[in-house]
Amino acid sequence: MRNVVRDLVRKVLEECVADGTLQSGQLPAIVIETPAHAEHGDFATNVAMQLAKGERKAPRAVAEVLLPRLVAADIFDRVEIAGPGFINIHLKGDAWQRTLLPLAAAGPDYGKSRSGAGKKAQVEFVSANPTGPLHIGHGRGAAIGDTICRLLDVTGWDVTREFYYNDAGQQISNLALSVQARCLGIEPDDPRWPADGYQGEYIRDVARSYLARETVDADDQHVTADGDPLNLDAIRRFAVACLRREQDQDLTAFDVHFDVYSLESELYSTGKVEGVVQRLIAKGHTYEQDGALWLRTTNFGDDKDRVMRKADGGYTYFVPDVAYHLAKWERGFGRVINEQGADHHSTITRVRAGLQALDAGIPQGWPEYVLHQMVTVMRGGEEVKISKRAGSYVTLRDLIDEVGRDATRYFFVMRKPDSQLVFDIDLAKQQTLDNPVYYVQYAHARICSIFENAAEKGYELPAADKVDLSRLSTPDDMAIIRLLNQFPETVEGSAQNFEPHRITYYLQELAGQFHTFYNKNRVVTEDRELTFARLFLLHCVRQTLRNALAILGISAPEKM
RNA sequence: GCGCCUGUAGCUCAGUUGGAUAGAGCAACGGCCUUCUAAGCCGUAGGUCAGAGGUUCGAAUCCUCUCAGGCGUGCCA
């Protein structure tokens, strides 16, 4: 509807330019907003104020010129000038009601768009190293990342979900040593325990499986244990596969799935890391100092230069990062979004600097980043302390088991990624409508329940062309219809800004509006026409709730 | 010190990309159960948008500075 109005306003402006009514050839971007107050109409535009300067006229005077032409549009009821020069537009009553017809026809496709059609995007998220179970921070990343993928998907993009991990570095070597120690019966308080060893209980489990020569099938790893506690390399391979499998199981329980797994070790074995180093040297952006090879990242916006090759000959982590991103670019992703914890934000400048230094035609702001802030967990009004060192911390699996997949996903995307998140476990577990996810799901279940009741009374959902839409005219009807109309633009805005939380706020509002309607109006009555009309309206609400929940990866239960 | 993020109602947070009188959910207070789920709804109250300047027709939103909190600041990832 907003787009229809925008097109009409644009047409009027173009006519005015064509016949000289407007002097300035330059038209502003046409903003059609929804006024905060109902008396300001269905839509409002500020074009008169934007044009005022170029026209050298008062905003209201510009509006006066446009007014007669706008009034002529057949879906506009009245058009008024208000305040400093707003043009308020009131639509004819049935213009709104008729929007339900295409909505119902679109069904599961309502809210989808083609804005990304024909374009490839890649989203890298979670990317946890296989050194332990996924914790709550990974959970937030998984929920946000997956929702962004779903948002891109419904806006037409061809999306690849990717998980990158380090299977060969220092951390992994500590993992292997820790498992080996457990195999040999060495405890963390033993002096022989490895310096930065992982102490969690799960290490003991890995060791046990290894000694039992088990076979592990992860999504991307298939390894049979060697069983020899002295074969560190075999232990490493087995441990990585083990922990990858654990993570896969948690992610599957979270309904998060990846298309591609990328391993850091492959960047080395395929020569990509070395290739990037040679290319950076060739481009003249490197220098040697203190026995190390440096990249002049300060030429590309960094505040200090960074070491690429350490004095001991090894590469620092950002070199494979750059190699990895160059590979992403070469794979043809015009758009790459990296979802990460904000504690890794310092990598952004370095990766981008490295890519620029390669002089490979990569745009400056590529790749894009979505950084989520920390999560604190509250239980019983108290913060649950996280202690990774001791091996005791809130895992994603704990959360899913305790509060359920739907509530966990909802809570993780409820706030914008930039905001720190307080995860209130008690609230998330609550089976009451104080719990926002229940509030929303219940609206859906309640509509299903109404349809069940209607069926018992002999009512079926009417065909769209059999519905008398004029029976939907109360303020509550109109409020719902307007809100339903906002769904596509909410999805679009949410997708473009990588802000899943907008969907949760929308759901909250739509569910609330429905509950209001339900409370005031009985749907199934003796009045057949009215019953059909209301069933049709609720059918549209239910469809929109489903579509929105699907974007969040949350179920729409028919009974609760 | 420097960089990034944040600061909006008692609490948790939105704020249509710069618009009109700043909103929601909890909590508080006051109402509503012969009803398709009261697992709910309606209403009231609650604000120096951290602070100070600036940009302009117009600022919670953009710029500068200050204050407070979080994260980072490695030849760790």
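If you go through the range A:311-344 and keep only what is part of a helix (DSSP H, G or I), charged (D, E, K, R) and more than 7 Å from RNA strand B (Cβ to nearest atom), you end up with A:321, A:328, A:330. Summed over the range A:512-534, residues that are near RNA strand B (Cβ under 9 Å from one of its atoms), assigned to a helix (DSSP H, G or I) and not aromatic (Phe, Trp, Tyr) total 8. The residues on offer are A:168, A:176, and the sole one that is open to solvent by less than 40 Å² (accessible area, probe 1.4 Å) and either in contact (Cβ under 8 Å) with a residue 12 or more places away in the chain or among the aromatic types (Phe, Trp, Tyr) (or both) is A:176.
Restricting attention to the range A:182-208 and to residues that are among the aromatic types (Phe, Trp, Tyr) and under 34 Å from the mean Cα position of the chain (by Cα), the residue that is farthest from residue A:170 (Cα to Cα) turns out to be A:202. Residues that are within 25 Å of residue A:126 (Cβ to Cβ), of a type in the set (Asp, Glu) and surrounded by 15 or more Cβ atoms within 10 Å (Cβ to Cβ) within the range A:215-250 comprise A:219, A:220, A:246, A:248, A:250, listed in sequence order. Scanning the range A:64-110 for residues that are in contact (Cβ under 8 Å) with a residue 40 or more places away in the chain, within 16 Å of RNA strand B (Cβ to nearest atom) and open to solvent by less than 40 Å² (accessible area, probe 1.4 Å) returns A:66, A:70, A:76, A:82, A:87, A:88, A:89, A:90, A:91. The set of residues in the range A:207-222 that are closer than 27 Å to residue A:259 by Cβ and not small (Gly, Ala, Ser) comprises A:215, A:216, A:217, A:219, A:220, A:221, A:222. For the range A:414-435, taking the residues that are loosely packed, with under 12 Cβ neighbours inside 10 Å and over 21 Å from the mean Cα position of the chain (by Cα), the one that is nearest to residue A:395 (Cα to Cα) is identified as A:431. Being touching a Phe, Trp or Tyr at 6+ places or on another chain (Cβ under 9 Å), more than 30 Å from residue A:141 (Cβ to Cβ) and of a type in the set (S, T, N, Q) is a condition met by at least one residue of the range A:479-498.
Got a number for residues in the range A:138-174 being more than 13 Å from RNA strand B (Cβ to nearest atom), within 25 Å of residue A:265 (Cα to Cα) and outside any helix (DSSP H, G or I)? Residues that pass the stated criteria total 5. Quick check: anything in the range A:469-490 at pLDDT 90 or above, more than 9 Å from RNA strand B (Cβ to nearest atom), touching a Gly at 6+ places or on another chain (Cβ under 9 Å) and open to solvent by 30 Å² or more (accessible area, probe 1.4 Å)? Checked the range A:469-490: at least one residue is at pLDDT 90 or above, more than 9 Å from RNA strand B (Cβ to nearest atom), touching a Gly at 6+ places or on another chain (Cβ under 9 Å) and open to solvent by 30 Å² or more (accessible area, probe 1.4 Å).
The values are calculated or read from the model by the stated rules, or taken from the named source; none is laboratory data. Computed from a predicted structure; not experimentally measured. Here Cβ is always computed from backbone atoms with ideal geometry, including for glycine, and neighbour counts include all displayed protein chains. Heads up: the accessible areas ignore ligands, DNA and RNA and are worked out on the full protein's heavy atoms, side chains in. Shrake-Rupley method; radii C 1.70, N 1.55, O 1.52, S 1.80 Å.
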